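These notes are about the structure you will find just below.
Read-outs throughout are calculated quantities, based only on the coordinates presented, and are distinct from any laboratory measurement. Values in this document were obtained by computation on a predicted structure and should not be read as measured data. Here the Cβ is made from the backbone with ideal geometry for all residues, glycine too, and neighbour counts use every protein chain on show.
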Amino acid sequence: MKQAAYIAFALLGLIWGTNFIFMKWAAEWITPTQIVFLRVLFGFLPILAFALARRSLSWSHLRYSHHFLVMSLMATSIYYYAFAKGTSLLLSSVAGMLSGAIPLFSFITAWLFLRAEPLNARTAFGILLGFIGVILIARPWNSLAAGVDASGVLYMIAGSLSVGCSFVYARRFITPLGLSPLALSTYQIGFALVLITLVTDMHGIAHISLDPVALAGVILGLGLAGTGVAYILYYYIVQRLGALAASGVTYTPPVVALLIGTLLVGEPIELLDLLAMLLILGGVYVLQSSAKKPIAAPTIAAKRAIDRLSAR
């Protein structure tokens, strides 16, 4: 079972790493809110069909709607919008590198709300390394000359904080419910779709159809894979490996985004950016190497739900 979780871990990192170039392409045609709407819509429809076919949903689950609503905000709506907006203002490779800060926020929120991890000299050093990396990428002392939009950096930090908090919330309140990853993903994305539909201005959204590559990136890359498949993997990993270990999936997206941005798209990259990314990932490594094993074991019901899903 753990081997399957680590395979899911690698796949999720790869999927999330490609999201930045898809968002960058889409941002040339539509607004960040419209990007989120299309992403959530095309992620929700296939996962809903699959959940209905598997009979994973139940009206009784709606008594947990308050938890689904919180997760739809932290791990979907706010997170997606902040990253779409940030990526529209930055190079896709820079945005991807900044996403590596997610585990830093996961650790801080886990320490604040779960009291599961010690804050000592080693962990403080890891946090310091990570945030020095973020500062080096942002370069607030010379952001204009470096071509880095400070507001774009702030949006990426806000998105990282939001999804970082969601790992801890999921571990504390969602995992003990014993629901399958498929059901949890369906409810979270469904609630997010309702929320984002209410706030999206649809004027001009059809413009993206003028670029087949950008349209395919939103539908298949951001929607089907980056939302539908990603959140099944997300809940599966949290349940099997724990919140902090699961947040380590963010090692991969910065590297994938950097490779795509520089090698495939031709975005410029500076040595200082590479150093910054290494500091962020180094900080995450220090945190995870000093972290305890999973915060709390999954409940028996959660284990049975995972076993049933894996046996299908």
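Hey, with R₀ at 41 Å, roughly what FRET efficiency would Leu210 and Ala10 work out to, going by the Cβ-Cβ distance, to 0.05?
The formula returns an efficiency of 0.70 here.
Using a/c under 1.5 as the rounded threshold, could you call the stretch 77-217 rounded, prolate or oblate? The axes a ≥ b ≥ c are square roots of the C-alpha gyration tensor eigenvalues, and prolate needs a/b larger than b/c, oblate otherwise.
It comes out oblate by the Cα gyration axes.
Counting each DSSP H run of 4 or more residues in the chain as -39500 (n - 2.57), what helix-only mean residue ellipticity at 222 nm follows after dividing by all residues, to the nearest 500 deg cm²/dmol?
-21500 deg cm²/dmol
Name the shape class, rounded, prolate or oblate, that the alpha-carbon gyration tensor gives for the stretch 53-98, where a ≥ b ≥ c are the square roots of its eigenvalues, rounded holds for a/c under 1.5, and otherwise prolate holds if a/b is larger than b/c and oblate otherwise.
prolate
Could you tell me which of rounded, prolate or oblate describes the stretch 1-157, using a ≥ b ≥ c as the square roots of the eigenvalues of the alpha-carbon gyration tensor, with rounded for a/c under 1.5 and, failing that, prolate when a/b is larger than b/c and oblate otherwise?
oblate
How much length is gained if the chain between Met202 and Ile132 is pulled fully straight, taking 0.36 nm per residue apart and subtracting their Cα-Cα distance, in nm to one decimal?
Once the chain is fully extended between Met202 and Ile132, it gains 21.3 nm.
Nearest 0.05, what FRET efficiency do Ser151 and Arg122 give at R0 = 30 Å with Cβ-Cβ as r?
0.35
For the pair Glu28 and Ser60, what calculated FRET efficiency results from E = 1/(1 + (r/R0)^6), where r is the Cβ-Cβ distance and R0 = 41 Å, to the nearest 0.05?
In this case the efficiency is close to 0.40.
Taking neighbour Cβ counts within 10 Å as the exposure measure, how do Arg55, Arg172 sort from fewest upward?
By the 10 Å Cβ count, ascending, the order reads Arg55, Arg172.
So what are the stretch 2-311's ellipsoid semi-axes, whole angstrom, largest first, if each one is the square root of 5 times an eigenvalue of the alpha-carbon gyration tensor?
Ellipsoid semi-axes (Å, largest first): 29, 26, 15.
Among Tyr231, Tyr80, which comes first, then next, by fewest other beta-carbon atoms within 10 Å?
Tyr231, Tyr80
So between Val194 and Leu114, what do we pick up on full extension, going 0.36 nm a residue minus the alpha carbon distance?
Value of the extension gain: 25.8 nm.
Using the membrane-span-like helix rule (whole DSSP H runs, Cα extent along the own axis of at least 20 Å, mean Kyte-Doolittle hydropathy at least -1.0), which helices of the chain qualify?
Correct list, ordered by number: 2-27, 32-53, 121-138, 150-169, 181-199, 271-290.
Could you please rank Met71, Met156, placing first whichever residue has the fewest other Cβ atoms within 10 Å of its Cβ?
Met71, Met156
Under a plain spin-label model, where a point goes 7 Å from the Cα along Cα-to-Cβ, how far apart in nm are Lys2 and Leu271?
4.1 nm
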